[in-house]
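S.K.: Handing you a structure now.
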Amino acid sequence: MGIINKDFMLNNKTAKKLYYDYAQNLPIIDYHCHLVPQMIADDYKFKDTYDLFLGGDHYKWRQMRSFGIDEEFITGDADRYEKWLGFANVMPYLIGNPIYHWTALELKRYFDIDEPLTPKSAKKIWDICNEKLKGDDFSAKALITKSNVETICTTDDPSDDLAYHKKLAADGFATKVLPTFRPDKAVNIDKAGFEDYINANNIKSYDELVSWLVDKVAYFNENGCRLSDHALDYVPFELGDASAVFEKKMNGDALTQQEIDIFKTAVINVCAKEYARLGWTMQIHIGALRNNNTKMFEKLGADTGFDSINDLCVAQNLSALMDNLNKQDMLPKTILYTLNPKDNYVLGTMLGNFQQGPVKSKIQFGSGWWFNDNRDGMEAQMCALANLGILGKFVGMLTDSRSFVSYPRHEYFRRIFCNLVGGWVEKGEYPNDREYLEKIIKGVCYENAKEYFGF
């Protein structure tokens, strides 16, 4: 018997009541993920269990490396079942790791498998899953529908033509699949490939870059986009002549850190003003230290499991960036995420500086992200928000995933959230007021996001 019993993660009577009465059956709004739109539009059929569970999942790859499994059996050319067996060897040792819980939830919710994944059960589970994957009810669209997903926001470069989003809209797929504007390649003048990106989009000057970004925001808006996303390794803020910096870079000259920050600040400002004008939400993800392993980056590329948490100071520049926009009445609805939990209280207090009606919690503290989307990380983020702001107006969980079976992470979050709130009620720290508890649980798990993003 597996661990996913009826009361999984619900450790008090009130938590169970809150989860079963208010959270369990709510639809999912996945407002930030990395699903591939083409796979949804083409209703992709998964080749086998490896393809569904391990293909592209660098969370799992990291643990396989930590277990001493050779790269050949992770991202290499080894037999796909042998890769699955490698992961099965790791699983029993992942005590306390959310991947253990996520995998158990995925097997239970999609394949009705209660048995823990171990070396002994690997072949049996492989065969059961492979057989079910042959059916039409395990395609990309079917898995989304089965997961009760109402809205998906993918992550898309400004240069994308959004053809697959258009196809999905025309096909009438019941789940909204909307683009998210992620202009990092146009912002990161200090990263390799910037000049190639600019040239590929036939941009000749800084003014042309600004016009191109404004046009692309409008195009994304026409196709249903309501969110942007900026991944900031650090928070830049420096005012100056961005046009001169652009020209210097495109002439092949080296830039100073001050010049890099001038350019990044200017481009983020250009974008943010458009977001504010259109009523979008700007997401800012802060604090990843990416591609640490040069040897593996050169072999496998980015997003393959070699990133970690950075420990830079973020408060002063973040305040300046937001204040500069706010002075012009052009600060959009904003969600701030930190990868380093040391900054939970930094971001949790930054919210209150820039709240503005009539939007409820216009500036949000984003959910436990990446290395923090585990029980401890989620609870730490929510407790910080509860201590410093209004937890009851939090927009809740997202998958931030490339996997079509990652939606049980919303269930995981909802159980953890209900358990947290239920504990507070049973300790006498909040009244057992059904009217407001229902509003809080339904709000954080679904309704706040629907209202905040305007879906």
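The values are calculated or read from the model by the stated rules, or taken from the named source; none is laboratory data. What you see is a predicted model; the values in this text were computed from it and never measured. All Cβ positions, glycine included, derive from the backbone under ideal geometry; neighbour counts span all protein chains shown. We work out accessible area using only protein heavy atoms, side chains counted, and drop any ligands, DNA or RNA first. Shrake-Rupley method; radii C 1.70, N 1.55, O 1.52, S 1.80 Å.
S.K.: Among the residues of region 150-168, how many are in contact with a Leu (Cβ under 9 Å, 6 or more places away or on another chain) and of a type in the set (A, V, I, L, M)?
M.R.: Count: 1.
S.K.: Looking at residue 196, is it open to solvent by 20 Å² or more (accessible area, probe 1.4 Å) and closer than 23 Å to residue 281 by Cα?
M.R.: Working: open to solvent by 20 Å² or more (accessible area, probe 1.4 Å): yes; closer than 23 Å to residue 281 by Cα: no.
No; evaluated as a whole, the condition is false for this residue.
S.K.: Then there is this: Specify which of the listed residues (229, 233) is within 25 Å of residue 400 (Cβ to Cβ), out of contact with any helix residue (DSSP H, G or I) (no Cβ under 9 Å at 6 or more places or on another chain), of a type outside the set (S, T, N, Q) and open to solvent by less than 80 Å² (accessible area, probe 1.4 Å). Before the answer, list the steps.
M.R.: Numbers: 229 fails: out of contact with any helix residue (DSSP H, G or I) (no Cβ under 9 Å at 6 or more places or on another chain).
Residue meeting the stated conditions: 233.
S.K.: Now a separate question. Scanning region 43-99 for residues that are under 25 Å from the mean Cα position of the chain (by Cα) and basic (Lys, Arg), which turns out least open to solvent (accessible area, probe 1.4 Å)?
M.R.: So the residue we want is 60.
Listed here are the residues, each with its yes/no results for (1) aromatic (Phe, Trp, Tyr); (2) within 19 Å of residue 33 (Cα to Cα); (3) in a strand (DSSP E or B).
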{"position": "170", "(1), (2), (3)": "no, no, no"}
{"position": "195", "(1), (2), (3)": "no, no, no"}
{"position": "203", "(1), (2), (3)": "no, no, no"}
{"position": "211", "(1), (2), (3)": "no, no, no"}
{"position": "219", "(1), (2), (3)": "yes, no, no"}
{"position": "225", "(1), (2), (3)": "no, yes, no"}
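S.K.: Can you pull out the residues in region 25-36 that are in contact with a helix residue (DSSP H, G or I) (Cβ under 9 Å, 6 or more places away or on another chain) and either open to solvent by 20 Å² or more (accessible area, probe 1.4 Å) or aliphatic (A, V, I, L, M) (or both)? Explain how you work it out, then say what you get.
M.R.: Kept after step one, since they are in contact with a helix residue (DSSP H, G or I) (Cβ under 9 Å, 6 or more places away or on another chain), are these residues of region 25-36: 26-31, 35-36.
Answer for region 25-36, where residues must be in contact with a helix residue (DSSP H, G or I) (Cβ under 9 Å, 6 or more places away or on another chain) and either open to solvent by 20 Å² or more (accessible area, probe 1.4 Å) or aliphatic (A, V, I, L, M) (or both): 26, 27, 28, 29, 35, 36.
S.K.: Among (1) touching a helix residue (DSSP H, G or I) at 6+ places or on another chain (Cβ under 8 Å); (2) within 28 Å of residue 13 (Cβ to Cβ); (3) surrounded by fewer than 22 Cβ atoms within 10 Å (Cβ to Cβ), which single condition is residue 390 missing?
M.R.: The single condition residue 390 does not satisfy is (1).
S.K.: Next question. Would you point out which residue out of 390, 309 is among the β-branched types (Val, Ile, Thr) and farther than 30 Å from residue 434 by Cβ? I'd like the intermediate steps shown before the answer.
M.R.: Details: 390 fails: farther than 30 Å from residue 434 by Cβ.
After applying the criteria, what remains is 309.
S.K.: Taking interchain pairs and intrachain pairs at least six residues apart, which have beta carbon atoms under 7 angstrom, with the first residue in region 364-391 and in contact (Cβ under 8 Å) with a residue 40 or more places away in the chain and within 16 Å of residue 419 (Cβ to Cβ) and the second of a type in the set (Val, Ile, Thr) and open to solvent by less than 20 Å² (accessible area, probe 1.4 Å)?
M.R.: So the pair list comes out as 375/416; 379/416.
S.K.: Consider residue 325 against the criteria (1) open to solvent by 10 Å² or more (accessible area, probe 1.4 Å); (2) in contact with a Lys or Arg (Cβ under 8 Å, 6 or more places away or on another chain); (3) not β-branched (Val, Ile, Thr): it satisfies all of them except one. Which criterion is unmet?
M.R.: Unmet for residue 325, out of (1) open to solvent by 10 Å² or more (accessible area, probe 1.4 Å); (2) in contact with a Lys or Arg (Cβ under 8 Å, 6 or more places away or on another chain); (3) not β-branched (Val, Ile, Thr): (1).
S.K.: Can you find a residue in region 306-318 that is farther than 19 Å from residue 198 by Cα, buried (at least 16 other Cβ atoms within 10 Å of the Cβ) and over 22 Å from the mean Cα position of the chain (by Cα)?
M.R.: Taking every residue of region 306-318 in turn, at least one turns out to be farther than 19 Å from residue 198 by Cα, buried (at least 16 other Cβ atoms within 10 Å of the Cβ) and over 22 Å from the mean Cα position of the chain (by Cα).
S.K.: State the number of residues belonging to region 274-292 that are part of a loop (DSSP other than H, G, I, E, B) and in contact with a Leu (Cβ under 9 Å, 6 or more places away or on another chain). Outline the logic, then answer.
M.R.: Initially, region 274-292 is screened for residues part of a loop (DSSP other than H, G, I, E, B), giving 279-280, 287, 290-292.
Still in the list and also in contact with a Leu (Cβ under 9 Å, 6 or more places away or on another chain): 280, 287.
Within region 274-292, residues that are part of a loop (DSSP other than H, G, I, E, B) and in contact with a Leu (Cβ under 9 Å, 6 or more places away or on another chain) number 2.
S.K.: Report, by residue number, each residue of region 112-166 that is surrounded by fewer than 20 Cβ atoms within 10 Å (Cβ to Cβ), part of a loop (DSSP other than H, G, I, E, B) and of a type in the set (Val, Ile, Thr).
M.R.: Residue satisfying the conditions is 118 alone.
S.K.: Answer yes if at least one residue in region 179-195 is touching a strand residue (DSSP E or B) at 6+ places or on another chain (Cβ under 7 Å) and farther than 25 Å from residue 291 by Cα, and no otherwise.
M.R.: Yes, region 179-195 contains at least one residue that is touching a strand residue (DSSP E or B) at 6+ places or on another chain (Cβ under 7 Å) and farther than 25 Å from residue 291 by Cα.
S.K.: Let me ask something else about it. Would it be correct to say that residue 115 is touching a Gly at 6+ places or on another chain (Cβ under 9 Å) and charged (D, E, K, R)? Break it down stepwise before answering.
M.R.: Numbers: touching a Gly at 6+ places or on another chain (Cβ under 9 Å): yes; charged (D, E, K, R): yes.
Considered against the rule, which asks whether it is touching a Gly at 6+ places or on another chain (Cβ under 9 Å) and charged (D, E, K, R), residue 115 comes out as yes.
Here's the yes/no breakdown for (1) in contact with a His (Cβ under 7 Å, 6 or more places away or on another chain); (2) of a type in the set (Val, Ile, Thr); (3) on the phi > 0 side of the Ramachandran plot; (4) not in a loop (DSSP other than H, G, I, E, B):
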| position | (1), (2), (3), (4) |
| --- | --- |
| 186 | no, no, no, yes |
| 234 | no, no, no, no |
| 252 | no, no, yes, no |
| 261 | no, no, no, yes |
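S.K.: Taking residue 253, is it more than 21 Å from residue 196 (Cβ to Cβ), open to solvent by 10 Å² or more (accessible area, probe 1.4 Å) and free of Cβ contacts under 8 Å to residues at least 40 places away in the same chain? First the steps, then the outcome.
M.R.: Details: more than 21 Å from residue 196 (Cβ to Cβ): no; open to solvent by 10 Å² or more (accessible area, probe 1.4 Å): yes; free of Cβ contacts under 8 Å to residues at least 40 places away in the same chain: yes.
So residue 253 does not fit the description; no.
S.K.: Does region 274-285 contain any residue that is in contact with a Lys or Arg (Cβ under 8 Å, 6 or more places away or on another chain), open to solvent by 20 Å² or more (accessible area, probe 1.4 Å), more than 20 Å from residue 186 (Cα to Cα) and not aliphatic (A, V, I, L, M)?
M.R.: Checking region 274-285: at least one residue is in contact with a Lys or Arg (Cβ under 8 Å, 6 or more places away or on another chain), open to solvent by 20 Å² or more (accessible area, probe 1.4 Å), more than 20 Å from residue 186 (Cα to Cα) and not aliphatic (A, V, I, L, M).
S.K.: A further question on this structure: Can you confirm whether residue 405 is more than 29 Å from residue 142 (Cα to Cα), hydrophobic (A, V, I, L, M, F, W, C) and either in contact with a Leu (Cβ under 8 Å, 6 or more places away or on another chain) or touching a residue at least 40 places away in the same chain (Cβ under 8 Å) (or both)?
M.R.: Numbers: more than 29 Å from residue 142 (Cα to Cα): no; hydrophobic (A, V, I, L, M, F, W, C): yes; either in contact with a Leu (Cβ under 8 Å, 6 or more places away or on another chain) or touching a residue at least 40 places away in the same chain (Cβ under 8 Å) (or both): yes.
No: the conditions fail for residue 405.
S.K.: Among the helices (runs of 4 or more DSSP H) contained in region 1-100, which hold 3 or more residues that are in contact (Cβ under 8 Å) with a residue 12 or more places away in the chain and among the hydrophobic types (A, V, I, L, M, F, W, C)? It would help to see each step written out before you state the result.
M.R.: On the way: elements: 13-18, 37-41, 49-53, 58-66, 80-90.
Once the helices (runs of 4 or more DSSP H) in region 1-100 are filtered for at least 3 residues that are in contact (Cβ under 8 Å) with a residue 12 or more places away in the chain and among the hydrophobic types (A, V, I, L, M, F, W, C), what remains is 37-41, 80-90.
S.K.: Using beta carbons and a limit of 7 Å, which pairs, at least six apart or on different chains, have the first residue in region 415-430 and farther than 27 Å from residue 102 by Cβ and the second one outside any helix (DSSP H, G or I) and open to solvent by less than 70 Å² (accessible area, probe 1.4 Å)?
M.R.: Pairs that qualify, where the first residue is farther than 27 Å from residue 102 by Cβ and the partner is outside any helix (DSSP H, G or I) and open to solvent by less than 70 Å² (accessible area, probe 1.4 Å), are 426/12.
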